[in-house]
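S.K.: Once you've had a glance at the structure underneath, I'll fire off some questions.
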Amino acid sequence: MTEPSSDDDRTFRREAERVVNEIAQGLRTLDAGVGWFSGLAPTRQQEVLQEVTGYALQAHITPGDGRAGVARSGVKPTANPAVMICMDPPRYGFAGLPSAEHLKAFRVLVSVFAIADTRRRETYCKGACGHEWHNLPAATEQP
């Protein structure tokens, strides 16, 4: 068995970034994103959880973002990922959760990121945004 090349890793990270930002911007449904995530190998799921955790940190999530994101995610507020993201400050060890929790963690993280990133796009980046990920072209939804 061969190790993935760094080009494969970069391609995967770009794909993950695109999928997560499409969900955050309403260009892809959360359920479609969950379908994509579910099809990944467990190690890739952990990589995605680490990436989305970074996105959430960069978006400066608030406790209110956490609560609104959990409500949007469809995950019970008592589930480990939901409790972790709603702590003040939030806990971020999502990739270290048991694999049975990864799908819930993805739903929670992406939903919270969507709330925080939308707020930032509408305030800090409004009218003068140079972030390419905030300017994705509208496209037909992909699985």
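S.K.: So, residue 62, is that one at pLDDT below 95 and open to solvent by less than 50 Å² (accessible area, probe 1.4 Å) or not?
M.R.: Working: at pLDDT below 95: yes; open to solvent by less than 50 Å² (accessible area, probe 1.4 Å): no.
No, not satisfied.
S.K.: Select from the stretch 101-143 the residues that are polar (S, T, N, Q) and modelled with pLDDT of 55 or more and write down the one among them that is nearest to residue 31 (Cα to Cα). Spell out the reasoning first.
M.R.: Residues of the stretch 101-143 polar (S, T, N, Q): 111, 118, 123, 135, 140, 142.
Subset that is modelled with pLDDT of 55 or more: 111, 118, 123, 135.
Numbers: 111: 11, 118: 19, 123: 27, 135: 22 Å.
That would be 111.
S.K.: List, please: which pairs have Cβ atoms under 7 Å, are six or more places apart or on different chains, and start with a residue in the stretch 36-64 that is farther than 10 Å from residue 109 by Cβ and in contact (Cβ under 8 Å) with a residue 12 or more places away in the chain and end with one that is open to solvent by 50 Å² or more (accessible area, probe 1.4 Å) and of a type in the set (Lys, Arg)?
M.R.: 59/120
S.K.: Could you tell me which residue of the stretch 1-29 is farthest from residue 72 (Cα to Cα), considering only residues that are aliphatic (A, V, I, L, M) and open to solvent by less than 30 Å² (accessible area, probe 1.4 Å)? Write out each step before concluding.
M.R.: Pass one, the stretch 1-29, residues aliphatic (A, V, I, L, M): 1, 16, 19-20, 23-24, 27.
Now drop any that are not open to solvent by less than 30 Å² (accessible area, probe 1.4 Å), which leaves 16, 19-20, 23-24.
Details: 16: 20, 19: 17, 20: 15, 23: 12, 24: 12 Å.
Restricting to residues being aliphatic (A, V, I, L, M) and open to solvent by less than 30 Å² (accessible area, probe 1.4 Å), the top hit is 16.
The values are calculated or read from the model by the stated rules, or taken from the named source; none is laboratory data. Predicted, not measured: the structure shown is a model, and the values here were computed from it. A quick note on method: Cβ atoms are made from the backbone with ideal geometry, for glycine too, and the neighbour counts reach across all protein chains shown. For accessibility, only protein heavy atoms count, side chains too; no ligands or nucleic acids. Shrake-Rupley method; radii C 1.70, N 1.55, O 1.52, S 1.80 Å.
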